Every structure is written in C-alpha cells, then in structure tokens.
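Before any comments, here is the structure.
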Amino acid sequence: MNQVGQIEDLKAQEESPSITKIVVPEEHQVPESFDNEDISINYVLDGKCWNRSEIIVDDVFAHAAALSVMNENEDHEPRSIDECKSRDDWTKWKEAIEAELNSLSKRKVFGPVVLTPENVKHWDTNGFLCGKEMKRAKS
C-alpha cells in the first residue's frame, strides 16, 4: 500500500464510530548508567563489595560469589541463650523463644517433669535394639 492509501485508511478509521481509540502511555526508560556502582552479596556480615565497572557479571562471577558464600563457615545465628543475650536484637529473640515455648505448652507437647527412681534403668535413645538385645530386654 502506498502512502496515499495509508492516509486514506487512517481517515476512514477516524470517521468510523465503532473504533475506539486507545492511548498507550509511554514506558519509562531505564537509564544506562547505574547510580549504585557496587555489588554486594551480604555486605553487613562479610564486608565484601565489588565495583560494577571492574567486574564482568557472568557465570564465572556467579560461581565465584556462590563459592564465597558457601565457604563461609560462620553460622550467624546464636547457638546459646548467652550468645543471644549479647546481640543487639535480643528482644526479638526473646519474643520468638517465648512464643515457641507458649506454643509447645499450649499443644501439650511436653508433660510435667517426673524423676525416675534410682533402681530404674534408662533406655539408650541413641541406639537401636538387635534380636539378641530384644530377647534380653524381654527376660
């Protein structure tokens, strides 16, 4: 179709009452330059930061970053109440601990503590019984 035919088609569309005009808003363009020039996986804990202009972000970089995270043997969660109390977020940990204990109590997961008499042998909960031990246990 030539240019004159296209113009005639546009005029015909404008005159037709059945065609609704839809105005599509213009998309926002992302600027080519980044305001943030640093890449960091977990800067707060490890302090590592890479410059975007010096790093080629590809599979090799992703693999190196993943290995860096996996090789960190630090467990950043506390392992005891004393460690927990020394943290800045102790109040949140305390609330979480109390909520968990209340939940266990509400569901009656644990009963009252009962002391066993001295003449009662305790079962080893870490092991398992084989056939000979089962016969000995029954007798």
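The values are calculated or read from the model by the stated rules, or taken from the named source; none is laboratory data. All of these numbers come straight from a predicted model, not from anything done at the bench. Backbone-built Cβ (ideal geometry, glycine too); neighbour counts: all protein chains shown.
Things worth noting here:
- Residues of region 56-115 that turn out to be among the aromatic types (Phe, Trp, Tyr) and either modelled with pLDDT of 90 or more or at positive phi (or both), as a count: 2
- Whenever a residue of region 94-122 is more than 21 Å from Arg79 (Cα to Cα), its partners that are among the aliphatic types (A, V, I, L, M) and modelled with pLDDT of 90 or more, lying with C-beta atoms within less than 8 angstrom and at least six residues away or across chains, give the pairs Phe110/Leu104.
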